[in-house]
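Scroll down for the structure; my scribbles are underneath it.
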Amino acid sequence: VATKAPAKKVVGKAPAKKVATKAPAKKVVGKAPAKKVATKAPAKKVAAKVPSKSAPAKKAAVKAPPKKPVFVKPPVPGKRPVSKDGIISNKDFDLAFLRARREQLLELRDQYLGQVAALDRERELLIEASGMGDDQFDEDGGEGDTLAVERERAKMLSDQDRVIVSDIEAALVRIETGDYGYSVLSTKPIPRERLEFIPWATELVTERVGGIGQR
């Protein structure tokens, strides 16, 4: 009789491996709010071009006739900077001389203005005394009459004095621009003796042309 084989020992099963537990889920931190997307500015409307009307043809420019050459006075040589009292000296006339002439000119202007006023008043009185109108000076108005002759004489002297006053004011301007003492014709220096005698002189004796007043 066959004998049974001894039963095999049951080897103990290996202990079951521990199942790794999952780490607790991390808390989800609130996400930062999404940045606002900048909206594009609405596109500017392009103004529709108005169809241009056909421009009229330009007229051909008419050329002006050539101008006559104008005489330009040459500049006075040797001008210097303006002084504190507004005078510009130059190489021929120093500040002391120019200041003396300006004082002389101012005094003479007042003198001649006084003469103009006196002559005008005298003329008015003569007109009133004669009983004539301002423009009455003929045979019917009494030509040769003493009052009429005196009236015309006063007018002539008054006009001459007005011309001199105008020349004096022009000379005062030239002192401030550095042009004083030079001939307006040749820019040559006028002798000091002549300027001391006629401080408003604008020409040399050899260049002087006749006219009312002394120049």
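As for segment 93-110, it holds at least one residue that is among the polar types (S, T, N, Q), in a helix (DSSP H, G or I) and either at pLDDT 85 or above or closer than 17 Å to TYR180 by Cα (or both). For segment 191-213, the candidate set comprises residues that are closer than 16 Å to LEU108 by Cα and surrounded by 13 or more Cβ atoms within 10 Å (Cβ to Cβ); within that set, the residue that is modelled with the lowest pLDDT is GLY213. Residues of segment 122-141 that are surrounded by fewer than 16 Cβ atoms within 10 Å (Cβ to Cβ) and modelled with pLDDT under 85: GLU128, ALA129, GLY131, GLY133, ASP134, ASP135, GLN136, ASP138, GLU139, ASP140, GLY141.
In segment 158-173, the residues that are closer than 11 Å to LEU108 by Cα form Cβ pairs under 6 Å with partners that are at pLDDT below 95 and polar (S, T, N, Q), at six or more places apart or across chains, as follows: ASP161/GLN115. Among the residues of segment 155-171, those identified as over 11 Å from GLN115 (Cα atoms) and either surrounded by fewer than 17 Cβ atoms within 10 Å (Cβ to Cβ) or among the basic types (Lys, Arg) (or both) are LYS155, MET156, VAL163, SER166, GLU169, ALA170.
The values are calculated or read from the model by the stated rules, or taken from the named source; none is laboratory data. None of the values given here were measured: they were computed from a predicted structure. All Cβ positions, glycine included, derive from the backbone under ideal geometry; neighbour counts span all protein chains shown.
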